[in-house]
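The block underneath contains the structure these notes are about, expressed in structure tokens.
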Amino acid sequence: MCRAFLEIRNERKESDAYRNAGEPRRSTESIILEEEVTVMKLSRLFVILIFMAVPLTALATEPEVRKAKTVDELAAMYDVSSCKQCHAKIFEEWEKSIHSRSLIGTGRTVGGVQGAIKNWISFKHSGVKEAKDMTVSHWSTTCFKCHLPQIEDATDAVAAQIAEAYMKNDRATLAKVNINCLVCHNKMAVINQWRDGKPEKDAVYGAKDGTHSDKVYKNRRKSATMTASVMCGQCHQGPLIDRPVTTQCSTLYGSYFNAYLPAGGDKTCQECHMKEVDGHSMFSFRDRNYNDPAMVKRALDVEVDVKKGYKSIELPKLPPSAKVVVKITNNAGHRIPDG
Amino acid sequence: MTAKTKDGKEVFKSEKIYMLHAGDSRNEGDQMVYGPANKLSFLEENTFQPLQTKMETYDVKFPENTKSLDVNVELRFQYGPEVGTIGKDSWVFYKTTREVSIK
């Protein structure tokens, strides 16, 4: 860049010399002044050219990413209705799951997020004075890191729209977007992106490589991540303490990693919560929740031993008593309770 | 865990909450909080750990002239500090009643 600038400056000097040959001689100062003005003009031109060139170069290497401007647009970007045509059973399982209503949850999520928004409004440094001030950045570093990771593909207008939907308890809007097929089988399916790159835009990730009979997602890609606990750990982890505001909903993966595995556990999240039960419903919807005897039996053993009552002969004033021993064994791959 | 006489009078009660007791993120003393956006420090961890057995023992005293007691043990999962509504925000994981008597 500097070299090109100097060459043009020298060339300009030479042409000035020709142009000035038949003209009355001007003072050295005036020539220098004119030359400096010319150089300044040229340098300004270069700056403009350089600034124009940089974005053009960037556009050439990274395609423009379209961002959703409304919740409906975001829902359309993550439309999974075509998945149902071939994967009806899995789709129905997913519809029963809490993933399919990730902004609402059991209902408690709505209250929790409303409380969080109120908190942030009250926080001096949050940048949030009212719900509509919520931005993608606010959401993606807190609740929606897990409840709606695709918020990254939306504008701040969507962030505000969802925040206002929460405050109005507008569940119809909140139900439009969720953790669906594309979130797990595309967006979140590649963990080691420095090695493996970002998820391919036209691929669904799963057990095999190959083609996929869909107009948009034409390819299948094998991803070991999909069957590993770390897949679930992307969200069911915690505490999240590296954020501008702390968020601690779940500590499951930490418990799995630091307690279950060292204690000899060898199952993955998917084995207990998908493979051995009802697949993509993940045993987590309200009707199949903590009141499911089969799930509770798998997770906890409770033994109650009521010892025989006894009384003291030598100390007759001591009241008779009975010893009750309760043993509770956690067979799950994580602490109980947790979220 | 409770123990009751045959006529329903409660003579023993012990209740314990198992959870990851979290403190306020603003570290204001010994305040325990529930909200995910507030939790940070930890005050107590007494959850059921994976592949571990937790044992609780209770010494139930018989009231005078009482020969028999019903011992009730209930393990309940609940969202909040209150029991709430069973099946909605509170679930019974285990429940048993055993009789214990003295001669």
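Right, B:Tyr58: among the hydroxyl-bearing types (Ser, Thr, Tyr), under 25 Å from A:Pro293 (Cβ atoms) and not in a loop (DSSP other than H, G, I, E, B) or not? Answer is no for this residue. Restricting attention to the stretch B:27-84, the residues being of a type in the set (Phe, Trp, Tyr) and free of Cβ contacts under 8 Å to residues at least 40 places away in the same chain number 4.
Of the residues in the stretch B:84-94, at least one is over 26 Å from A:Lys308 (Cα atoms) and charged (D, E, K, R). Within the stretch A:315-330, residues that are at the interface with chain B (Cβ under 7 Å from one of its Cβ atoms) and within 23 Å of B:Lys67 (Cβ to Cβ) reach partners that are in a strand (DSSP E or B) and among the basic types (Lys, Arg) with beta carbons closer than 9 Å, at six or more positions or on different chains, in the pairs A:Pro319/B:Lys61; A:Pro320/B:Lys61; A:Ser321/B:Lys61; A:Ala322/B:Lys61; A:Val324/B:Arg98. Only one of the listed residues (A:Ser81, A:Ser126) is hydroxyl-bearing (Ser, Thr, Tyr), part of a loop (DSSP other than H, G, I, E, B) and within 12 Å of chain B (Cβ to nearest Cβ). That residue is A:Ser126. A:Ala165 meets the conditions (1) small (Gly, Ala, Ser); (2) outside any loop (DSSP other than H, G, I, E, B); (3) within 14 Å of chain B (Cβ to nearest Cβ) in every case but one. The failed one is (3). Residue pairs whose Cβ atoms lie under 8 Å apart, separated by 6 or more positions or on different chains, with the first residue in the stretch A:190-214 and under 19 Å from A:Met77 (Cα atoms) and modelled with pLDDT of 95 or more and the second of a type in the set (A, V, I, L, M, F, W, C) and not in a loop (DSSP other than H, G, I, E, B), are A:Val204/A:Cys181; A:Val204/A:Leu182; A:Tyr205/A:Met226; A:His212/A:Ala203; A:His212/A:Val204. Is one or more of the residues making up the stretch A:269-284 loosely packed, with under 15 Cβ neighbours inside 10 Å and touching a Lys or Arg at 6+ places or on another chain (Cβ under 7 Å)? Checking the stretch A:269-284: not a single residue is loosely packed, with under 15 Cβ neighbours inside 10 Å and touching a Lys or Arg at 6+ places or on another chain (Cβ under 7 Å). Residues that are touching a residue at least 40 places away in the same chain (Cβ under 8 Å), under 30 Å from A:His138 (Cβ atoms) and more than 13 Å from every other protein chain (Cβ to nearest Cβ) are absent from the stretch A:237-258 altogether. When we screen A:Val302, A:Val277, A:Val296 for residues that are over 30 Å from A:Ser126 (Cβ atoms) and assigned to a strand (DSSP E or B), the only hit is A:Val302.
Within the stretch A:92-105, the set of residues being over 27 Å from A:Ser140 (Cβ atoms) and touching a helix residue (DSSP H, G or I) at 6+ places or on another chain (Cβ under 7 Å) comprises A:Glu93, A:Lys96. Within the stretch A:129-149, if we keep just the residues that are in a loop (DSSP other than H, G, I, E, B) and among the β-branched types (Val, Ile, Thr), the residue that is farthest from A:Asp170 (Cα to Cα) turns out to be A:Thr141. Quickly run through the stretch A:227-242 and pick out the residues that are closer than 29 Å to A:Trp120 by Cα, at pLDDT 80 or above and either part of a loop (DSSP other than H, G, I, E, B) or basic (Lys, Arg) (or both). Scanning the stretch A:227-242 gives A:Gln234, A:Cys235, A:His236, A:Gln237. B:Val11 - would you say it is within 7 Å of another protein chain (Cβ to nearest Cβ) and more than 30 Å from A:Trp120 (Cα to Cα)? When the stated conditions are applied, B:Val11 does not pass them. Which is facing chain A (nearest Cβ under 7 Å), touching a Leu at 6+ places or on another chain (Cβ under 8 Å), outside any loop (DSSP other than H, G, I, E, B) and among the aliphatic types (A, V, I, L, M), of B:Leu75, B:Leu40? None of the other options fit; the residue is B:Leu75. Can B:Gln31 be described as surrounded by fewer than 16 Cβ atoms within 10 Å (Cβ to Cβ), over 19 Å from A:Val324 (Cα atoms) and facing chain A (nearest Cβ under 7 Å)? Judged against the criteria, B:Gln31 is not a match. Flag: B:Gly80 matches the condition of being within 10 Å of another protein chain (Cβ to nearest Cβ), under 15 Å from the mean Cα position of the chain (by Cα), part of a loop (DSSP other than H, G, I, E, B) and at pLDDT below 95.
Residues that are without any contact (Cβ under 8 Å) to a residue 24 or more places away in the chain and hydroxyl-bearing (Ser, Thr, Tyr) within the stretch A:114-140 comprise A:Ser122, A:Ser137, A:Ser140, listed in sequence order.
Summed over the stretch A:200-226, the residues that are β-branched (Val, Ile, Thr) and either assigned to a loop (DSSP other than H, G, I, E, B) or in contact with a His (Cβ under 6 Å, 6 or more places away or on another chain) (or both) give a count of 2. Residues in the stretch B:48-68 that are more than 7 Å from chain A (Cβ to nearest Cβ) and surrounded by 12 or more Cβ atoms within 10 Å (Cβ to Cβ): B:Pro63, B:Thr66, B:Lys67, B:Ser68. Of all residues in the stretch B:83-103, those satisfying the criterion of being hydrophobic (A, V, I, L, M, F, W, C) and more than 7 Å from chain A (Cβ to nearest Cβ) are B:Val83, B:Ile86, B:Val92.
The values are calculated or read from the model by the stated rules, or taken from the named source; none is laboratory data. Everything quoted here is computed from the prediction, not taken from an experiment. Here Cβ is always computed from backbone atoms with ideal geometry, including for glycine, and neighbour counts include all displayed protein chains.
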